[in-house]
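Asker: Shown below is the structure under consideration.
The values are calculated or read from the model by the stated rules, or taken from the named source; none is laboratory data. Because the structure is predicted, anything quoted here is derived from the model rather than measured. Neighbour counts run over all protein chains shown; Cβ positions are idealised from the backbone, glycine included.
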Ligand SMILES: [Zn+2]
């Protein structure tokens, strides 16, 4: 197996998937971000409003060692939702104008 990045519909993401979230900031990274709690350390984090409630939220600090371990093992699968892919694409287009 090798490290991969794939795009999926939210409905196709298993409920045990970890969603890596940025720490809570003021102002928010995106103005419509919503609040959540890191499932590992209890820190307040933010994520996009379209993230499914069923998914496990984890902060970047808690996720880093897990992700680095999986990358070293060659078994890291990062998932980007179609919604996030669209938002990122729109942001890049706006920055280039
Ligand atoms: Zn955490």
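Asker: Among the residues of region 45-63, write down those that are surrounded by fewer than 15 Cβ atoms within 10 Å (Cβ to Cβ), part of a helix (DSSP H, G or I) and under 12 Å from the mean Cα position of the chain (by Cα).
Answerer: 60
Asker: Among (1) surrounded by 16 or more Cβ atoms within 10 Å (Cβ to Cβ); (2) within 16 Å of the ligand (Cβ to nearest atom), where does residue 23 come up short?
Answerer: Looking at each condition in turn, residue 23 falls short on (1).
Asker: In region 38-60, what count of residues is obtained for those that are without any contact (Cβ under 8 Å) to a residue 24 or more places away in the chain and either within 9 Å of the ligand (Cβ to nearest atom) or on the phi > 0 side of the Ramachandran plot (or both)? Give the derivation first.
Answerer: So in region 38-60, the residues without any contact (Cβ under 8 Å) to a residue 24 or more places away in the chain come out as 39-44, 49, 53.
Filter once more, so that each one left must be either within 9 Å of the ligand (Cβ to nearest atom) or on the phi > 0 side of the Ramachandran plot (or both): 39-43.
Result for region 38-60: 5.
Asker: Taking region 67-91, which residues are within 16 Å of the ligand (Cβ to nearest atom) and either assigned to a strand (DSSP E or B) or more than 24 Å from residue 9 (Cβ to Cβ) (or both)?
Answerer: Applying the first criterion (within 16 Å of the ligand (Cβ to nearest atom)) to region 67-91 yields 67-69.
Residues satisfying the conditions are 68, 69.
Asker: Given the structure, is residue 10 under 16 Å from residue 87 (Cβ atoms) and surrounded by 11 or more Cβ atoms within 10 Å (Cβ to Cβ)? Full working, then the answer.
Answerer: On the way: under 16 Å from residue 87 (Cβ atoms): yes; surrounded by 11 or more Cβ atoms within 10 Å (Cβ to Cβ): yes.
Yes.
Asker: Collect the residues in region 24-34 that are touching a strand residue (DSSP E or B) at 6+ places or on another chain (Cβ under 6 Å) and at pLDDT 95 or above, keeping them in residue-number order.
Answerer: Our first condition is that a residue be touching a strand residue (DSSP E or B) at 6+ places or on another chain (Cβ under 6 Å); within region 24-34, this holds for 24, 28-29, 33.
Across region 24-34, the qualifying residues are 24, 28, 33.
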